[in-house]
Structures are given as structure tokens and as C-alpha cells.
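Heads up, the thing below is written out as C-alpha cells.
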Amino acid sequence: MPLLFLLCSLGVINGLLIGVFLIFRNPNKIVNAYLGGLLLSLSLRIGKSVFYYFDNNVDLLILQIGLSACAFIGPFFYLYTKALYRQYRKINTADFVLLMILLTSVLIVGIIYPYRTNPDVWNGFIIYVIYAVWAIFTLFGLYYSIKMLKSVLLRPAAMSKSEQHLAIVTIAVLFINLTYQMALYGFFTYLWGALIFSFTLYFLLGRILLSSKFFSFKSADQPLENASKILEELNTLMDSQKPYTNQKLKLDDLASLAGLNRHTLSRLLNEEYKYGFAQYIKEFRVKEAKQLIQTRNELSLEGIGFEAGFSSKSSFFETFKKITNATPSEFKKASQVSV
């Protein structure tokens, strides 16, 4: 039992520290902040479970904080996956409003019905509302995870490291949610959620530390020399050789083709281009698709998407509209009218 308590407690403490680190690590990457918020809310909720499991006389304020944190687990998972999918660089208004509504609701309920004097209200009504919010937003987050991982779900070996991390986080969040939802109705002990969280956290930490890149700070790197010239040469290579038409093109592949190392190319696309590798490739694919729409009348729109390097019709249509503010069919009609 002492070993079990130590393992779960260390998971909670590490989760809190890493959550804070992620929130303040890079203010320009809202994805980090959302993942940090997810870890913080999970750590608070699981910390409450651990303390209560080993000490039934724990201060009721700790129980209130732990239960309140549940209201943020699902929403932070949803915001994290959505920000990854949509490649947000900063928080948008709708997401900010959602978080403010949750925070205001938790504070108001906590002030009007403190757990210390109203445990029956919390255990009889509030906890079911909180768990419903947790479950609903977890499903919303699962929707975005599936959209990002659907092309490799049946081919785990083809997953990139970022896709592997997303898959692990998604599976962990789903299992933790499931164990807590079932524990609410007496099927499991809450401690299973703490164990899943701890093992997942340590597993991810091991992978990340072995990669030796996650905890490196950009401030330790010297500014890239001739960054604008290198980017210009890369753009020329992209136009002439069209590597983006390869649906499986990865950062390592492009780095090798351009005669750069992976780290330099990553920095170039994040610092000089500003929007990262994925967006860089998408813009060239959309550019190619626009040219094909205007010159290859024999191709269907779906065929044009595949020719341009998109792996599916849905990803082609979504990306095209996001970048051009028009669907491929709308762009085709406009092009025919202008001719």
C-alpha cells in the first residue's frame, strides 16, 4: 500500500509540475497551454482520489477542489485536440468564453454550496453534472483525435512521434474517464484512474526524454543565418520538384531533400515561415490543386486532391476552404467564369 500511494502521488506531483511548465513554456503555442491545463485538471482530480482513498478524514475543501477540476478535464482535452487539428497559434474568442463560463460556474457553485457544509448537494447533483460535462467534451475531443489519426489507426507503425503521443494521450484520457464514470456507479475504485494517469505520464516522459528535444529551449539556439535565403531556396525546390505531392512526405524526408538537418528545417519553418511544417506543405498542396483545377479539366476534384498530395477527399476540401475561403468547386466555377 505505501508503494501504491507513492506511485500515485508522484504521478500527481509530476503532472502538476509538467502542467505548469507547459502553460508557461511557450506563450505563442496555445496547444501547450491546453495540454498543460489538461494535466493540471487531471492531477487535481486524481490527487483528490489518492488522498481520499488513503485517508477518509481528508479536508473536505480538497474534495471540492478535486471535483471542481473534473469540470475542466473534458473541455481541456477538447480544446487541445481542436487546437492541434486547426493549428491554432493563440486562443480564440469562443474557446476563451467556454473556459470563462466553466471557471465562473465552478466558483459560483463553490461559494454558494461549499462542500464542507453541503456534501449532499455535491454528491447528489453537482457531481453528476460535472461528470456529464467531462464525458461530453471528451467525446468532442475524441472526434478531433480520430480525424487526425484516422489515416494511421490501422497502421500504428506508420505513426509519427506526434501522432503516437496524441494517440497515447487520447487512450489515457478515455480510460481515465471510463474508470471514473464507472466508479461513480460503484463498478470500479477511483484508484484505477490514478494508476492509469501515473503509468501514462511516466511512459510519455520516458519517450520524450529519450527524444531529447522536448525540453530544449529555443533561446539556447543561435539565430539561423541567412534564414530568408534558405527559405527562398526551399520554396524554389518545392516548386521545381514538388515533393509535397507525396502523401507520406515527412519533415525528415524534406530535410534530406533540401540538404538540411531536421532541427534546422523545423526551426526555419517555425521561425522564418512562422506556421510550421504541416501548414507549409498544405499551402503548396493547395497551390498545386488550384493550378490543376485551372489546367486539368479531365480530372475530378477528388482526383485533383490526390494529385496535389492530399490523402483523402475530406482533408483536401477542408484544407482548401481554410486557406482560400472557398471550396474547390466554388474556385473551379469562379475560374471558369473568369476565363
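For the range 285-311, enumerate the residues that are in a loop (DSSP other than H, G, I, E, B) and either of a type in the set (D, E, K, R) or more than 22 Å from Gln241 (Cα to Cα) (or both). Explain how you work it out, then say what you get.
Narrowing the range 285-311 to residues in a loop (DSSP other than H, G, I, E, B): 296-300, 309-311.
Matches in the range 285-311: Arg296, Asn297, Glu298, Ser300.
Just a yes or no: is a residue in the range 91-100 touching a residue at least 60 places away in the same chain (Cβ under 8 Å) and touching a Lys or Arg at 6+ places or on another chain (Cβ under 8 Å)? Before the answer, list the steps.
Of the range 91-100, the ones touching a residue at least 60 places away in the same chain (Cβ under 8 Å) are 91.
From what is left, the residues that are touching a Lys or Arg at 6+ places or on another chain (Cβ under 8 Å) are none.
No, that holds for no residue.
Taking the range 111-127 as the search range and keeping residues that are in contact (Cβ under 8 Å) with a residue 24 or more places away in the chain and either open to solvent by less than 90 Å² (accessible area, probe 1.4 Å) or part of a helix (DSSP H, G or I) (or both), which one is nearest to Met182 (Cα to Cα)? Spell out the reasoning first.
So the first thing to find is which residues in the range 111-127 are in contact (Cβ under 8 Å) with a residue 24 or more places away in the chain, and the list is 114-116, 119, 122, 126-127.
Restricting the remaining residues to those that are either open to solvent by less than 90 Å² (accessible area, probe 1.4 Å) or part of a helix (DSSP H, G or I) (or both) gives 114-115, 119, 122, 126-127.
Details: Pro114: 25, Tyr115: 22, Pro119: 20, Trp122: 18, Ile126: 17, Ile127: 13 Å.
It comes out as Ile127.
Against the definition (among the basic types (Lys, Arg), within 21 Å of Ala183 (Cα to Cα) and either in contact (Cβ under 8 Å) with a residue 60 or more places away in the chain or in a helix (DSSP H, G or I) (or both)), how does Arg45 come out, yes or no? Give the steps one after another, and end with the answer.
Details: among the basic types (Lys, Arg): yes; within 21 Å of Ala183 (Cα to Cα): yes; either in contact (Cβ under 8 Å) with a residue 60 or more places away in the chain or in a helix (DSSP H, G or I) (or both): yes.
Yes, satisfied.
Inspect the range 88-100 for any residue being hydroxyl-bearing (Ser, Thr, Tyr), within 21 Å of Ser315 (Cβ to Cβ), under 9 Å from the mean Cα position of the chain (by Cα) and open to solvent by less than 70 Å² (accessible area, probe 1.4 Å) and give the result as yes or no. Even if it seems obvious, please write down each step before you answer.
The initial filter retains those residues of the range 88-100 that are hydroxyl-bearing (Ser, Thr, Tyr), namely 88, 93.
Imposing the further condition that a residue be within 21 Å of Ser315 (Cβ to Cβ) reduces the set to 88.
This time we only want the ones that are under 9 Å from the mean Cα position of the chain (by Cα), so: none.
Looking for residues that are hydroxyl-bearing (Ser, Thr, Tyr), within 21 Å of Ser315 (Cβ to Cβ), under 9 Å from the mean Cα position of the chain (by Cα) and open to solvent by less than 70 Å² (accessible area, probe 1.4 Å), one finds none in the range 88-100, hence no.
Among what's in the range 128-156 and is part of a helix (DSSP H, G or I) and among the polar types (S, T, N, Q), pick the residue that is farthest from the chain's Cα centre (by Cα). Break it down into steps so the answer makes sense when it comes.
Initial filter on the range 128-156 (part of a helix (DSSP H, G or I)): 128-149, 156.
Those left that are additionally among the polar types (S, T, N, Q): 138, 145.
Working: Thr138: 12, Ser145: 8 Å.
Restricting to residues being part of a helix (DSSP H, G or I) and among the polar types (S, T, N, Q), the top hit is Thr138.
Could you count how many residues in the range 237-284 are open to solvent by 40 Å² or more (accessible area, probe 1.4 Å), among the aliphatic types (A, V, I, L, M), part of a helix (DSSP H, G or I) and farther than 27 Å from Ser335 by Cβ?
Going through the range 237-284 one residue at a time, the tally reaches 1.
Which residue pairs have Cβ atoms closer than 6 Å, lie 6 or more positions apart in sequence or on different chains, and pair a first residue in the range 310-326 that is without any contact (Cβ under 8 Å) to a residue 12 or more places away in the chain with a second residue that is of a type outside the set (Gly, Ala, Ser) and part of a loop (DSSP other than H, G, I, E, B)?
Lys321/Thr327
The values are calculated or read from the model by the stated rules, or taken from the named source; none is laboratory data. A quick note: this is a predicted structure, and the numbers were derived from the prediction, not measured. Glycine gets a Cβ as well: all are built from the backbone with ideal geometry, and neighbour counts include every protein chain shown. What goes into the accessible areas is simple: the full protein's heavy atoms, side chains included, and nothing from ligands, DNA or RNA. Shrake-Rupley method; radii C 1.70, N 1.55, O 1.52, S 1.80 Å.
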